[in-house]
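The structure appears right after this line, and notes come after that.
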Amino acid sequence: LAVKDPTAVERANLLNMAKLSIKGLIESALSFGRTLDSDYPPLQQFFVVMEHCLKHGLKVRKSFLSYNKTIWGPLELVEKLYPEAEEIAASVRDLPGLKTPLGRARAWLRLALMQKKMADYLRCLIIQRDLLSEFYEYHALMMEEEGAVIVGLLVGLNVIDANLCVKGEDLDSQVGVIDFSVYLKSDDDIGGKERNVQIAAILDQKNYVEELNRQLNSTVSSLHARVDSLEKSNTKLIEELAIAKNNIIKLQEENHQLRSENTLILMKTQHHLEATKVDVEAELQTYKHSRQGLDEMYNEARRQLREEAQLRQASDMENELVVQVSMKHEIELAMKLLEKDIHEKQDTLIGLRQQLDEVKAINVEMYQKLQVSEDAMKEKNEIISRLEDKTNQINATMKQLEQRLQQAEKAQVEAEAEDEKLKQEYVNKSESLQNEFSQKEKQLLQLETDLKIEKEWRQTLEDDLQKEKETVSHLRTETQEIVNLKKEFLKLQEENKQLKSICEDQEAALQELASKLSESKLKIEDIKEANKALQHHCRNCGEIFCNACSDNELPLPSSPKPVRVCDSCHAILIQRCSSNVP
């Protein structure tokens, strides 16, 4: 046969013990029906079994003074893998009464059970097997599949509520011994199955009602959250609407200001253009009049010259020439003056043209600005239209939100009504369940009293049975003794018969001896009467002495004769005369 691996056998045994302890703890806690404390025996056995499971295959770590083997090392590693475990690790380190790593590990297990996260913590620890290899051997329970099975079993402990006092408890000096008698079935467990089934049904109803209440509370909280979010979004939309209205009012004011400025600029430019047009027309008219006047003067001068030339053909040519030359000089001067005037007017025309160009440029700029302002106005009008559309959309959304809010309020009212109905139903159900629970408790108390009475009756029957067994054994011993006595009695009867025969022979012999003794007695009496004359009494003690007897005779050193001594008081008897005197 193949030899089994002892480590595998140990792992299987520890897994079975863990299954039994967890199952017994859950069943006893559900039947107990209250919060467990540290003095609850199945809970203590569970911690002992978990300690043995965590110690299996643990490596021996060398410390400064000696070799150390503790489970606090891997448990302390959990806070690095699971950040939520930092709180219990810090609280375990801060406990004042713990001095050993084993005590800290026990406190950590108790706090993890109270948090209902022992399975999560150990699952994170089992996943990181490369880190666990620093603390455990390769064949340890935490490194194999049995550790994952135990972690899965620990999830069932989340239904248990435990209130353990770790601060004042001496966890360093506890001895972890598994009590196997807890897991052995007895007759009371078989008789209490129906009671456990009833209590389990009641607890299932209680858990169902609690779960229903929890779901209703979650739905109510979600509805409250939705109402709050809708109110927040409504307030935000109202604020955005107010901001949009303010922006619309500001844009309308800016549009009105721009339009008024644009009209003022147009009016100013029109007035300026009209004034410049009037000035240019006046200057053109003056230029035209001055040119007509010069042309007329020139024509008149030529006409006069012709007339004078015709009239003074006969006059002196020199005078005429001088006059003509002077006239010519005057004409030239007049022409120069006209040219200067023309040049000045041309300069003025050029200046006026430049001013007109500047006015045209200003008009173009103003027209461009007007177009830009019109474009801006169009854009602003578009923005205003968009904002109006947005405001309309916001108003529509506001109306929708108001409708939704009304619907939500109605739904909230309906939910509150349903909640009140459910609360009322829950109260009624809880009252009915409490009544049923009280009735069940009464039945349980009655059953417990009946069970106690049955136990007492059974105990009395067992005591009576034990007494009867003792009496039977006693009677058996007595019958055996009687049988032995009968055998001895038969033997004694035979011996009695023999003794009777011997006694008869002896009686015959005694009769013969009696006859002889009577004869000897008569002789003795005669001898006594003869010896009375020879007997004396001691004065010290009254003892009788016989002179014929030679006993107790001592020679004195002063007298060579023998001296008698009393047997009772050892007095020396001196023979002075015929009577002995001390």
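The values are calculated or read from the model by the stated rules, or taken from the named source; none is laboratory data. Being a predicted model, the structure only gives us computed values, none of them experimental. Cβ atoms come from the backbone with ideal geometry, glycine included; neighbour counts cover every protein chain shown. Heavy atoms of the whole protein, side chains included, go into the accessibility calculation; ligands, DNA and RNA do not. Shrake-Rupley method; radii C 1.70, N 1.55, O 1.52, S 1.80 Å.
A compact table of results
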| quantity | calculated |
| --- | --- |
| Mean-position separation - Cα centroids, segment 220-260 and segment 362-401, in angstrom | 18 Å |
| 5 angstrom amide H check on residue 136, placed H, neighbours 5+ away | 59 |
| Cut-off 14 Å between beta-carbons: net charge of the residues surrounding residue 381, Lys and Arg +1, Asp and Glu -1 | -3 |
| Accessible-area value, residue 297, 1.4 Å probe, nucleic acids and ligands omitted, Å² | 120 Å² |
| Local net charge near residue 506, Cβ-Cβ under 12 Å (Lys/Arg +1, Asp/Glu -1) | -3 |
| Exposure of residue 221 as accessible area (Å², to 10), given a probe of 1.4 Å and all protein chains | 70 Å² |
| Accessible area per residue, Å², segment 14-183 with all protein chains present, probe 1.4 Å | 51 Å² |
| Global form of segment 1-150, assessed from the alpha-carbon gyration tensor, a/c cut-off 1.5 | oblate |
| Packing-based order for 391-400, 114-123, using average beta carbon neighbours within 10 Å, highest first | 114-123, 391-400 |
| Neighbour net charge for residue 342 - beta-carbon separation under 14 angstrom, K R +1, D E -1 | -1 |
| Centre separation in Å (Cα based) which lies between segment 439-485 and segment 88-141 | 50 Å |
| Sequence of 108, 457 when ordered by accessible area, the most exposed leading, probe 1.4 angstrom | 457, 108 |
| Under 5 Å, built H, 5+ apart or other chain: amide partners of residue 36 | 161, 162, 163 |
| Relative packing of 370-379, 98-107, which averages over residues the other C-beta atoms within 10 Å, highest first | 98-107, 370-379 |
| Surface accessible to a 1.4 Å probe, residue 489 within the full protein complex, Å² | 120 Å² |
